[in-house]
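Undergrad: Structure below; questions to follow.
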Amino acid sequence: MSVLTELAASLASGAVKTVDLTHTLDPDFPVMILPPEFGQCARFRVEEVSRYDERGPGWYWRNFSCGEHTGTHFDAPIHWISGRDLPNATVDAIPVSAFVGPVCVIDCAGEAAEDEDYLLEVETIEAWEAIHGEIPAGAWVLMRTDWSKRSGAEYLNMREDGAHSPGPSAQTIRFLVETRDILGFGTETVGTDAGQGAHLSPPYPAHYILHGAGKLGLQCLANLDQLPATGAILICPPLKIKHGSGSPLRVMALVEE
Ligand code: 23J
Ligand code: MN
């Protein structure tokens, strides 16, 4: 059998299942809050156009609006100043091959439960690799923290000194980009960076280093506890927004039972 014929049979039999890694787009879902001197990302909004009524007797449809970084979303390299001059740096120009690929999941749920400012360090990646093998070039790497199980104020976890949520260290992102040549890095939190990432060096290291190297980001992912450490295939095509810096999207994975 060809690879895709086998895949089709495996999907039909349930040997390969599809896992949804996406939060529902909802006005109540939190968005990133930046210091007040900066522009802000818009929440998801929706208005009804018609619902089998005088505005449209046979059809239901709505208009929606939101930010490019609202809800479960994709970050393109041009999102950050370090990636501004790279080729194919916008969501409409990234080769679509980047939107399907192998995924490695680093489970930091226990550490994040102990320490809300937990930083994923290189030693932890190396310990993970000692068990699961080296992260292959071109892989998506996802940081599982179970942060997606939080709701309301607990999700952003804002305090007077800013947000408190886990993320990768600068060294870890540099290691994944330079030594492993990953395709992208994804998190369950509102950013690819830790809540206190502005105080790291460089500030927002995940954004700065990933996008400066043409790598991609995913944020506000859900259900990472349903993925194996290795062996799943991630599917994450953003909307084809002209010159887009990112986009909300449906993210899913193919997982072998
Ligand atoms: C703009 C400024 C800082 C950050 C972000 C956006 C994000 O996290 C994002 O959604 O890309 S940290
Ligand atoms: Mn973003």
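The values are calculated or read from the model by the stated rules, or taken from the named source; none is laboratory data. What you are looking at is a predicted structure, and each value in this text was computed from that prediction instead of being measured. In this analysis, Cβ positions are derived from the backbone assuming ideal geometry, glycine residues included, and neighbour counts consider all displayed protein chains. SASA here: full protein model, heavy atoms, side chains in, ligands and nucleic acids out. Shrake-Rupley method; radii C 1.70, N 1.55, O 1.52, S 1.80 Å.
Undergrad: If you build a Gaussian network model of the chain, linking Cα atoms that sit under 10 Å apart, which residue out of Ile235, Ile135, Ile33 swings the most?
TA: Ile33
Undergrad: Restricting to the chain, compute how many DSSP beta bridges are antiparallel as a %, nearest 5.
TA: Looking only at bridges with both residues in the chain, the antiparallel portion is about 65 percent.
Undergrad: First compute the accessible area of the chain with a 1.4 Å probe, then give the percent of it belonging to carbon and sulfur atoms.
TA: Looking at the chain in its full context, I get 55 percent from C and S.
Undergrad: Just to confirm the filter: which trypsin sites (Lys or Arg not before Pro) across region 31-109 are DSSP coil and have at most 14 other Cβ within 10 angstrom of their Cβ?
TA: In loop regions of region 31-109 (DSSP not H, G, I, E or B), the sparsely surrounded trypsin sites (Lys or Arg not before Pro) are Arg55, Arg84.
Undergrad: On to the next question. Could you work out the local net charge near Ala113, counting Lys and Arg as +1, Asp and Glu as -1, over the other residues with Cβ closer than 11 Å to its Cβ?
TA: -3
Undergrad: Please arrange Leu249, Leu239 by accessible surface area, largest first, computed with a 1.4 Å probe and ligands excluded.
TA: Leu239, Leu249
Undergrad: Quick check on region 43-184: of the DSSP beta bridges with both residues there, what percent are antiparallel, nearest 5%?
TA: Beta bridges within region 43-184, antiparallel portion: roughly 55 percent.
Undergrad: Rounded to the nearest 20 debye, what is the charge dipole size of the chain about its Cα centre when +1 sits on each Lys and Arg Cβ and -1 on each Asp and Glu Cβ?
TA: For this selection, approximately 1020 debye.
Undergrad: Can you tell me the length gained on complete extension of the stretch Ala153 to Ile33, counting 0.36 nm per residue apart and subtracting the Cα distance?
TA: 42.0 nm
Undergrad: GluC sites (Glu not before Pro) within region 1-107: which are DSSP loop residues with at most 16 other Cβ atoms inside 10 Å?
TA: For GluC sites (Glu not before Pro) across region 1-107 that sit outside H, G, I, E and B with at most 16 neighbouring Cβ atoms in 10 Å, the list reads Glu37, Glu54.
Undergrad: Shifting gears a bit: Residue-wise, which Karplus ³J(HN,Hα) couplings in Hz belong to region 220-231, taking 6.51 cos²θ - 1.76 cosθ + 1.60, θ = phi - 60°, and x for glycine or proline?
TA: Residue by residue, region 220-231 yields 6, 6, 10, 6, 5, 5, 9, 9, x, 4, 9, x Hz.
Undergrad: Taking a label point 7 Å from the Cα of Thr230 along the Cα→Cβ vector, which residues of region 110-147 have an amide N closer than 20 Å to it?
TA: 121-144
Undergrad: Additional query: Just to check I understand the Karplus step: with θ = phi - 60° and J = 6.51 cos²θ - 1.76 cosθ + 1.60, what whole-Hz values come out for region 82-93, glycine and proline as x?
TA: Result, ordered by residue: 5, x, 5, 9, 6, x, 6, 9, 9, 4, 6, 10 Hz.
Undergrad: Still on this structure, please answer the following. Around Asp181, with a cut-off of 15 angstrom between Cβ atoms, what is the net charge of the other residues, counting Lys and Arg +1 and Asp and Glu -1?
TA: 0
Undergrad: Compute the signed sum of charges (Lys and Arg +1, Asp and Glu -1) over the other residues within less than 14 Å, Cβ to Cβ, of Trp61.
TA: 0
Undergrad: Treating each Cα of region 39-167 as an identical point scatterer and ignoring solvent, apply the Debye formula and state log10 I(q)/I(0) at q = 0.11, 0.12, 0.15, 0.16 Å⁻¹.
TA: Ignoring solvent entirely, the Cα scatterers give -0.65, -0.75, -1.04, -1.12.
Undergrad: Full-extension gain between Asp161 and Tyr52, please, as 0.36 nm times their residue separation minus the C-alpha to C-alpha distance.
TA: Value of the extension gain: 34.3 nm.
Undergrad: I would also like to ask the following. Can you pull out the trypsin sites (Lys or Arg not before Pro) in region 181-257 that DSSP calls coil and that have at most 14 other Cβ atoms within 10 Å?
TA: Lys240, Lys242, Arg250
Undergrad: What is the set of long-range amide H partners of Leu218 at a cut-off below 5 Å, with H atoms built 1.01 Å from backbone N?
TA: The list, which skips near neighbours in sequence, is Asp75, Phe185, Gly186, Thr187.
Undergrad: Tell me which residues come under 5 Å, amide H to amide H, from Ser50 once H is placed; ignore anything under 5 positions away on its chain.
TA: Trp61
Undergrad: Which of Leu86, Leu176, Asn63 sits farthest toward the positive end of the charge dipole of the chain, with +1 on the Cβ of Lys and Arg and -1 on the Cβ of Asp and Glu?
TA: Farthest along the dipole direction, towards plus: Asn63.
Undergrad: Compute from the Cα atoms of the chain the Rg and the Dmax, the latter being the longest Cα-Cα distance, and quote both in angstrom.
TA: 18.8, 64
Undergrad: Also: Any idea how far apart Met1 and Glu121 come out in nm if each label point goes 7 Å out from Cα toward Cβ?
TA: 4.6 nm
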